[in-house]
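Beneath this line is the structure, given in structure tokens, with notes to follow.
FYI, it's all coordinate maths here, none of it is from the lab. Note that the structure is predicted; figures quoted are calculated from it, not measured. Neighbour counts are summed over all protein chains in view; Cβ atoms, including those assigned to glycine, are modelled from backbone coordinates with ideal geometry.
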Amino acid sequence: MLRNQRQRRRVEGWLTRVFDALAFPVATVSLLHNPKIHKSYRMTWRRKIALARRLRRTTRAVETGTSARVHLAMAARILEIPPDVEGVIVEAGSWKGGTTANLSLIADLAGRDLIVYDSFEGLPEPAEGDRWASPLGQGAFHGGLDEVKANVAAHGAIERCEFRKGWFSDTLGDHTEPIVAMFLDVDHQASIHQCLLGLWPHLWDRGYTFVDEYLRLDYCALFFSERYWRTYFDRPPPGLMGAGTGIPLGQVYVGPHRRLGPLERATGVAWTRKDFYGAWDYFPDDVPSVPLAGGPGEPDGVAGWTTTTVTTDERTSWLMAAAIKDDPEIRERLAAMLRSSDAGRDAVAAALGRDVEPADAGAGGEDPPSGGADPADPDADRA
Ligand SMILES: C[S@@+](CC[C@H](N)C(=O)[O-])C[C@H]1O[C@@H](n2cnc3c(N)ncnc32)[C@H](O)[C@@H]1O
């Protein structure tokens, strides 16, 4: 069965690569054929294609949680902002720095600086009430500051970057610079809450916020939650374009606009299901009195409501595999723990794409997974 799984994954990987290779030129034309790109950036087609090729080269060289198509979509928006609007670009959550490198290239074209916030130690320990934080995921997506800097130096414009190391709860409160665009890719509810609290007030009135967690309905709900925006920002919710599982963000429809770009079609549909759960429920200052199935304090999963196509169990397996892959110490600890149960062995085997021996059959930790499916990136376009 494992062999079948491996073969299936190999074929799926190949199909994804073919699709990406064919879709990228289409996305480039579609996204960069944008009359709103500001003239002063002198983005001729030659420069647009050079940018697209560099962005793609980076994502092929450095493992990233978001695709070059998404980076192109961000570039198209950022290059619309008139150069006389003061402001930096911010990235919160850089992992290995591949997306950082690409954002720095976009920043360079726009003549702006890029400020990068990250622990550079991976995900933090779970905050109470955070449904997407798991103790097993602590330390996952670890990219050390030196590794990130090296990747940006090799593939981006490091002279445009300032790196601010630390937990968001310690660093973001000191942010002062006006922001024209920010990219938040931080996984935990508490982390995105801290990013919004620290950064949103500095965002230019027409500035962009890009969010990686768009596949999760509750994160989408955050941007539509009247209660959240009234409580923390005294304003109506801003909404979220391209939100929701199944919509290929940045590929076929970037709207809102009246004139569609070439190959751009607003012909997708959105859908939901009666048992889905799409309410933002992380209000750290307020514990709701009525617990909801799958809501605050209740793990989702078999008995709870489903918020994404990924169950908590699956996600935990991937996070464990990512931690095993990234950190030798965590690898040693988790692998020993996991190999002592059938379920643990199955989870690791599925993520690594090969058999895993019981704990007493061998000493030490598992080897990191090699190539192929990225356990930290179960969904094609995101981490
Ligand atoms: C999924 S990774 C980012 C992936 C990256 N944007 C990419 O495209 O490759 C999430 C990142 O958020 C950082 N992070 C999450 N919560 C944080 C917090 N509270 N403080 C500091 N860093 C945090 C982690 O260290 C990690 O680098």
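Numbers at a glance
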item: Reach of residue 165 by Cα under 23 Å, taken over lysines that are not fewer than 8 positions away in the same chain; result: 96, 149, 325
item: 23 Å Cα-Cα reach of residue 48 towards lysines, excluding residues that sit fewer than 8 places from it in its own chain; result: 36, 39
item: Sequence ranges 169-177, 48-56, ranked by mean other-Cβ count within 10 angstrom, highest first; result: 48-56, 169-177
item: Zone of residue 170's modelled label, taken as backbone nitrogen in region 138-156 under 18 Å from a point 7 Å along Cα→Cβ; result: 138-140, 142-146
item: For region 126-138, Karplus couplings with θ = phi - 60° (6.51, -1.76, 1.60), whole Hz, Gly/Pro x; result: x, 8, 4, x, 8, 6, 9, 9, 10, x, 5, x, 4
item: Whole-Hz couplings from phi, Karplus 6.51/-1.76/1.60, listed for region 171-188; x for Gly and Pro; result: 9, 5, x, 8, 5, 10, 5, x, 10, 9, 7, 9, 10, 10, 9, 10, 6, 7
item: Residue exposure sequence - 105, 145 - by fewest surrounding Cβ within 10 Å; result: 145, 105
item: 5 angstrom amide H check on residue 203, placed H, neighbours 5+ away; result: 179
item: Cut-off under 5 Å, modelled amide H: who pairs with residue 208 long-range; result: 181, 182
item: Peptides ranked, highest mean first, by Cβ atoms within 10 Å: ranges 32-43, 198-209, 12-23; result: 198-209, 32-43, 12-23
item: Residue 233-residue 44 pseudo-label distance in nm [points 7 Å out on the Cα-to-Cβ vector]; result: 4.0
